[in-house]
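Data first, discussion second: the structure below is written as structure tokens.
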Amino acid sequence: SNVRRKIDRLLGFDAVASLIFGVLSLLAPHGLLKYLGGGFYDHNVHELLRLYGCLRIACGWILWHVRKVDDGKLRKSVCEALCACYILQTLAIARAQLTDRYTIWNWIAIVIMSILASSYGYFRIGKEGKLIK
């Protein structure tokens, strides 16, 4: 159906973006983190970024394969979980942006996470959610 193709495109986009971001995070050089850290390098932050990269790679792998699953209940649950996940990430980044130093990267991340949360929410909570079978 049309809804299935739309969800599959969203899952595919999220999977590829997650894999790319995950690999880049895992392989991020010290110099890049020092630049992003305003001239300071923190080994613990680097390790957290690497761990987050591993998680994004795993999520990308899962999302890529979920596209082939025909179980509507599972697809609804995945959309619901990702909507909640991206809402929480948006809130975490917004808090950092509003309570720490201002960066354009935070605003870019807030926009991307909000779009993903809205997209998954549309397929789970909106009228399209009733059409997932």
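For this structure, a couple of remarks:
- Taking every protein chain into account, the accessible area of the range 77-125 amounts to 62 square angstrom per residue (probe 1.4 Å).
- Per residue of the chain, the DSSP helices (runs of n ≥ 4 H) give a summed -39500 (n - 2.57) that works out to -27500 deg cm²/dmol at 222 nm.
- Segment Val45-Ser77, extension gain: residue separation times 0.36 nm, minus the distance between their alpha carbons: 8.4 nm
- Fraction of accessible area attributable to carbon and sulfur, the range 12-133 (%, probe 1.4 Å): 73
- Rounded to the nearest Hz, the phi-derived 3J(HN,Hα) couplings of the range 14-22 under the Karplus curve 6.51 cos²θ - 1.76 cosθ + 1.60 (θ = phi - 60°) are 4, 4, 5, 4, 5, 5, 5, 4, x, where x marks glycine and proline.
- Summing Lys and Arg as +1 and Asp and Glu as -1 over all other residues whose Cβ lies under 14 Å from the Cβ of Leu32 gives a net charge of +1.
- Think of each Lys and Arg Cβ as +1 and each Asp and Glu Cβ as -1; about the Cα centre, that makes the dipole of the chain roughly 620 debye.
- Among the chymotrypsin sites (Phe, Trp or Tyr not before Pro) in the range 1-94, those placed in a DSSP loop whose Cβ has at most 16 other Cβ atoms within 10 Å are Phe40, Tyr41.
- Loop-resident sites, the range 35-99, for trypsin sites (Lys or Arg not before Pro), counting at most 13 other Cβ within 10 Å (DSSP): Lys68
- Figure legend: label point modelled 7 angstrom from the Cα of Ile112 along Cα→Cβ; residues of the range 41-55 with amide N under 18 Å from it are 46, 48-55.
- Shape category assigned to the range 11-132 from the gyration tensor of Cα positions, a/c cut at 1.5: oblate
The values are calculated or read from the model by the stated rules, or taken from the named source; none is laboratory data. As the structure is a computational prediction, the values presented were derived from the model and not from experiment. Heads up, the Cβs are rebuilt from the backbone with ideal geometry, glycines too, and the neighbour counts pull from every protein chain shown. Just so you know, the surface numbers come from the protein's heavy atoms only, side chains and all, with ligands and any DNA or RNA stripped out. Shrake-Rupley method; radii C 1.70, N 1.55, O 1.52, S 1.80 Å.
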